Structures are given as C-alpha cells and as structure tokens.
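Structure first, commentary second.
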C-alpha cells in the first residue's frame, strides 16, 4: 500500500500541472479574443479613405525601413513593404464591405471547425495527426495575417477617434481619477497600474538574467569547443593538413585546426585516478578555432614537447590540465603524472594490456566551465599519436566561423565540398540536453510569471465593475442624452487600455533599471543578508550576467496590453447594456 503513495502523488502533481497549463491557455485565449473584440470597436473610424491610406502607408514604410535596418536586401525590403500594403488593402476591404467580411468570417470559421474536428479524430486515428497539426497551424497563420492586415487600421482608427471623439477620452481619464468621495476607485486604479508594472518588471528581470546565464554558458562552450567539427565516417584519417586548407578556404570559416581525441585515465602520484579526455592539438593553429591558449593561467603550449637529453621532468612530454583537475590532484607546473590508455599495451593471454606513460604538467587552464576544467587534458598531436599507437592520422578538424549561430549552414557547405565521406557536428550538438534545459526553463519561467499579469487583469475587471457601479447615474444620463452603446463601451475600454499603458511603461522602466544595475542590487543583498548570491565553486561567476533581448520585451509588452485591453470587455459591455430608465428611476 505504501508503494502506491508516491505513484499517486506523482499522478496528482502531473494532473495539477496539466490543469494549470490548460487554465492558463484558456485564460490567454479568452483575454486575446476579448482584446480583439474591444479593438474592433475602433475599426469603423478607419473607413475614411485618407485615414486608411495614411495608416497602411505608414505601416508599409515602417516595415520597409525595419527590413533595411535588419540587413535585408533592398529588393526584399521593398517586397515586404509592398506585401504589407496589400495586406492592409485587404483589411480595408474587410472593414468597408460587409459581404467580404461575412465570406471571410465564414471560411475562417469553417476551416477552424474542420481543423478542430480533424484534431479530435486524430486522437483515435494516428495517421491524421500530421494533417490536424497542419490545419491548426494554417488557422493560426491566417489569424495572424488578419491581425497584421487590420493592425494598422486599428491604430489609425484610434488616432482618428481621439481627434473626432475627444470627449470619450476625457471621460475615461476623468473616471480613472475619481473625486474625493470616491477615493477608493483612484486607489484601486493605482493598484492596477502597480500590478501590471510589477508583472512586467519581474518578467523582464528574470528573463534577462536567464538569457545572460544562457549566453555565458554558450560563450564558454563555444570558446572551448569549436563552432563545428569535421569528422570522417571511417574514423581517423590522414592528410589532415590538405583537408584543413580546403576547410579554411570555405567562405565564412575563419580558422581550422586538427585534433586527436581519445579516452584515458589520469593517475596522480598518490595513486588517485580519474577518467579524462585526452586531446592532441596543434599549438600553431589551435588558437584559430578554440580559446585554449587564452585560457591558460600557468605554463605555455610551446612546452608540450619533450627533451630526451634532459635529466629532469622535461624529458617527459607535456600535458595541459584544467584547474579543477589540478586542484583535485594537488598538481602544479612540472609535477609528474601518468596517463593510462585502455589499449595499446603489450599482448597478454587475456588480451591487450593497458598502456601507461609518464607525462609532466606543462600548463594549467581555466575555462570557467566545470566539465572542461575537470575532464579535458591537452598534449601535442605527435605525442597523442605515439601514446595511442596511431599513425599520422587525426580524429577530426575543428573550425571556427564568423558567427557561431551561422555555424550549421556554413558547416553543411563544408561537408558538401568535402563529399559524403565526411560529416560535421555543430557546437550545439555536443550538449543538446543542456541547451534544451535552458530553453525549457526560460519558457516555464515566462509562463509562470505571466500569471502575475493575469491577476492584474482580473484586478482591472474588478476596478471597472466598481467604477461602473459608481458611475451608473452618469452613464444613464449620457445614454438619455443620445450617447451610443458603442461609445459607452469605448469609454471604459480606453480606461483599461490607459491602465495597461501606464503599467507597461512603469514596469519596463523598473525592469530595465534593475537589470542594468544588477551588480549594485547583488552587493546590497549580499551585505544585507550576509551570504554569497553566486558561490564561485558552483557558478564560477562573480556577477549576475544579463542579456536584454528586444524581441522578448516586445512579447512582454504585447501580452501585458492584450491582458489589459481584454479585461475591459465584460465590464464595458455591462456598462453599454445599462438601462437609463432603471438607473434614473429613483434619482
């Protein structure tokens, strides 16, 4: 019976996680749809031709300029601007012509319904899973295309609405800043702004720090691992100097160096042993592809050779080890060590005996990446070949490119020139689980912290409902004077949007200020709480790294505004449906 408790707890935990994810997705879809309905109230103001032309023209020009700034060729930039203009014209047709709008809505609804039914059927028939996924992706693509087409018109409609209906904006601001007898509403409005701001600030700081850690580890891995490695499908290969020259001639490759890699066992003077990776390098070219030479804190790569005539440790070949390995074995420059290879020794009745050879410590490096500092040891290629009983062959050739994030396509070009006998491994393929874990952590933190903004959205709903209850008499008088229901809806929708804009601006400012001053925050926390935020033996960093990604800031801003605007739909709709006679009956 006791054995079933962990399984039951695991099932309950997994179910709760799934329910939370489902609830978050449902809430986000609800708020997104509500935001689209609210913004759609401003589309009729874009029916004026000059407003539509100006909106679409500015959007197309902005897309063209942004494409040119991103380095896109001028022809493609012009094509992208023209495509946006065509999409804007299509959106204008949807706004102006009811028939086009009805047909588009019917076809999109039919496609979405068909994809949903296909997805349900695919749960029973596995062969239809791919078709269902493609259908849903198509629906999402069409939805994003419609949003892109109508987006400029919504912005133009907002601007034109502010010019032609200024009293709606005036009333929205007036209702947010209540009178003295309604101070509670003003306080709750401030709480709404602070809630959105805290959500945006926390997400900005956390994601920036996580991006900084990811970038730091990537730089360390890229510095010690080349951007890509060329290897032969048959194993070790000769004529590596000619192959290196051919790789070096490929556009985008800035350096290449051969290497020999094998597993070995390191034994210290006290009998301690540890498995290591022995890497034979070429000291003359290794700096072109890796940063091993820059990471040296003691010794030099020029001392890897041996002097047979010497009477001291110099008669042994040199070995460069990591600082973690040196500390574990208490090794310093010149200390003797023994390398053991599982193969290469004399034959025995039980098979080949291990091969042992004495080396000396010729250098110590610190890469600030624990796996490298503890595992890798370096020697020269001839020494590694002799120790491993190899001929004049190498395991592969490491190469560095102009951009580590373009290493894969450049590597494929190298493999295509060398023929099918060789293949490449990109630097991300060496530690796929590590990078996937970093990516998963960023996504999960983003989703979890987004709940702060969801809570702020519910606070906006409660604030607007209280405001409507307090202002029911004013709303009734406005409707009795001829104010349209859509105008009442827009008044309170504008109020929610202003709360979102204020919270977003304050949150981004707070988040960026904290991020750019993390070293000061870290110092204050360490002095106040009396513990080290970044233990050197764990993180090997002295300060919190950060990396502010503009694309992530744009996504944070989009989510914050979507939740703020979407939260206004139900209260605004309630205000628009208010019956003036009922509200004024007892006045």
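When region 367-387 is filtered for residues that are over 20 Å from residue 271 (Cα atoms) and either assigned to a strand (DSSP E or B) or at pLDDT 85 or above (or both), the ones remaining, listed by number, are 378, 379, 380, 381, 382, 383, 384, 385, 386, 387.
The set of residues in region 262-283 being at pLDDT 85 or above, loosely packed, with under 12 Cβ neighbours inside 10 Å and not in a strand (DSSP E or B) is empty. The residues in region 403-418 that are under 14 Å from residue 249 (Cα atoms) and either in contact with a strand residue (DSSP E or B) (Cβ under 6 Å, 6 or more places away or on another chain) or surrounded by 22 or more Cβ atoms within 10 Å (Cβ to Cβ) (or both) can be counted, and the count is 4. Of all the criteria given as (1) closer than 30 Å to residue 442 by Cα; (2) touching a strand residue (DSSP E or B) at 6+ places or on another chain (Cβ under 7 Å), the one not satisfied by residue 232 is (1).
Is there a residue in region 63-84 that is touching a residue at least 24 places away in the same chain (Cβ under 8 Å), in a helix (DSSP H, G or I) and surrounded by 14 or more Cβ atoms within 10 Å (Cβ to Cβ)? Yes, region 63-84 contains a residue that is touching a residue at least 24 places away in the same chain (Cβ under 8 Å), in a helix (DSSP H, G or I) and surrounded by 14 or more Cβ atoms within 10 Å (Cβ to Cβ).
Taking the stated definitions as given, is residue 537 surrounded by fewer than 16 Cβ atoms within 10 Å (Cβ to Cβ), in the same structural domain as residue 204 (by TED's automatic domain parsing), in a helix (DSSP H, G or I) and at pLDDT below 80? Even if it seems obvious, please write down each step before you answer.
Numbers: surrounded by fewer than 16 Cβ atoms within 10 Å (Cβ to Cβ): yes; in the same structural domain as residue 204 (by TED's automatic domain parsing): yes; in a helix (DSSP H, G or I): yes; at pLDDT below 80: yes.
Yes: the conditions hold for residue 537.
The values are calculated or read from the model by the stated rules, or taken from the named source; none is laboratory data. Predicted model only: the values in this text are computed from it and were never measured. When we count neighbours, we look across all protein chains shown, and the Cβ atoms used for this are built from the backbone with ideal geometry, even at glycine.
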